[in-house]
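These notes concern the structure reproduced below.
The values are calculated or read from the model by the stated rules, or taken from the named source; none is laboratory data. Treat the numbers as computed from the prediction; the structure is a model and nothing was measured. As a convention, Cβ positions derive from the backbone with ideal geometry for all residues, glycine included, and neighbour counts pool all protein chains shown.
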Amino acid sequence: MAKFKFVVGTHYVGSDVVEIVEIPDEELEGLDEFERNKIINEYYEAWKNEQLEQYWEEVEE
């Protein structure tokens, strides 16, 4: 398994969320750098969205 450190934060002290995420080797084998980064970014985006509470709302004036 390939291991990657995923980090998300707000630049405030102590706000970082850090986790080592494993991606199965067979998902990355034989890929060029672009394809490999695409898979890693897909894992990162899914992980990031699990860590954050995020929303938007319309403000009426």
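Looking across segment 1-22, the residues that are outside any loop (DSSP other than H, G, I, E, B) and within 24 Å of GLN54 (Cβ to Cβ) come down to PHE4, LYS5, PHE6, VAL7, VAL8, VAL17, VAL18, GLU19, ILE20, VAL21. The set of residues in segment 29-45 being surrounded by 11 or more Cβ atoms within 10 Å (Cβ to Cβ), among the hydrophobic types (A, V, I, L, M, F, W, C) and either touching a residue at least 60 places away in the same chain (Cβ under 8 Å) or in a helix (DSSP H, G or I) (or both) consists of ILE39, ILE40. Set side by side, the residues VAL17, VAL13, VAL21, VAL8 differ, and just one is more than 11 Å from the chain's Cα centre (by Cα) and among the β-branched types (Val, Ile, Thr), which is VAL13.
Of all the listed residues (VAL8, VAL18), the sole one being surrounded by 14 or more Cβ atoms within 10 Å (Cβ to Cβ) and at pLDDT 95 or above is VAL8.
Considering (1) exposed (fewer than 11 other Cβ atoms within 10 Å of the Cβ); (2) touching a residue at least 12 places away in the same chain (Cβ under 8 Å); (3) aromatic (Phe, Trp, Tyr), the lone condition that TRP56 does not fulfil carries the number (2).
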